[in-house]
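See below for the structure under consideration.
The values are calculated or read from the model by the stated rules, or taken from the named source; none is laboratory data. This structure is a prediction, so every number in the text was calculated from the model and none was measured. Every residue, glycine as well, gets a Cβ built from its backbone with ideal geometry; the counts of neighbours run over all protein chains shown. The area values use the complete protein model at the heavy-atom level, side chains included, leaving out ligands, DNA and RNA. Shrake-Rupley method; radii C 1.70, N 1.55, O 1.52, S 1.80 Å.
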Amino acid sequence: HLAVTFHYYDPFEFTHHQAVWMKEKPTFNRTWGTPADLEKVARDFQDAKAIAQRLGAPLFLGEFGVNQQIPIAQRALWVETVRRNAEAIGAGWCHFDFVSEFPLLNAARDRWLPAMVSALLDEPASASRKPGPVPPWGGAR
């Protein structure tokens, strides 16, 4: 069994803007989400779809996300755009990560980040909604 998988962090300077773990911190000095930005994502995903079709294999977006140095409204817009494009080409997806530098959860408050949940699930999320219990294998909090 074969699947085509890829990670998506484009533009890298945006998704990794001022990333604290990087020695040379990328900088993105504009708002993301112009028509050209949206078209670029759509083209990239059509290219990925074409590769998977040529190989006759399913497509999986194994990793995507935006680091928390970017304001949450911009992060949510980018995440929703990428997720929607993955779904439009029939690709499964997995957001990176859960609680670290690309968070979906405010670990200090033990609460979901509503904008990020909405971006991934197309449903309004409440800041008071607590995550479920930690799995017995000790998943991250």
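At a glance:
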{"quantity": "Exclusive hit being open to solvent by 70 Å² or more (accessible area, probe 1.4 Å), outside any loop (DSSP other than H, G, I, E, B) and closer than 20 Å to Cys94 by Cβ, set Phe45, Phe6, Phe60", "calculated": "Phe60"}
{"quantity": "Region 57-72: number of residues that are within 19 Å of Pro114 (Cβ to Cβ), modelled with pLDDT of 95 or more and aliphatic (A, V, I, L, M)", "calculated": "1"}
{"quantity": "Residues within region 1-44 that are without any contact (Cβ under 8 Å) to a residue 40 or more places away in the chain and small (Gly, Ala, Ser), tallied", "calculated": "1"}
{"quantity": "Pair list, Cβ under 7 Å, 6 or more apart: region 108-119 residue among the polar types (S, T, N, Q), other residue surrounded by 16 or more Cβ atoms within 10 Å (Cβ to Cβ)", "calculated": "Ser118/Ala76; Ser118/Ala125"}
{"quantity": "Selection status of Glu101, under 17 Å from Phe14 (Cα atoms), part of a loop (DSSP other than H, G, I, E, B), in contact (Cβ under 8 Å) with a residue 24 or more places away in the chain and open to solvent by 20 Å² or more (accessible area, probe 1.4 Å)", "calculated": "yes"}
{"quantity": "Filter result for the condition that a residue is in contact with a helix residue (DSSP H, G or I) (Cβ under 9 Å, 6 or more places away or on another chain), exposed (fewer than 14 other Cβ atoms within 10 Å of the Cβ) and more than 15 Å from Phe6 (Cβ to Cβ), over Ala119, Ala36, Ala73", "calculated": "Ala73"}
{"quantity": "Subset tally (residues that are surrounded by 15 or more Cβ atoms within 10 Å (Cβ to Cβ) and basic (Lys, Arg)) for region 9-33", "calculated": "0"}
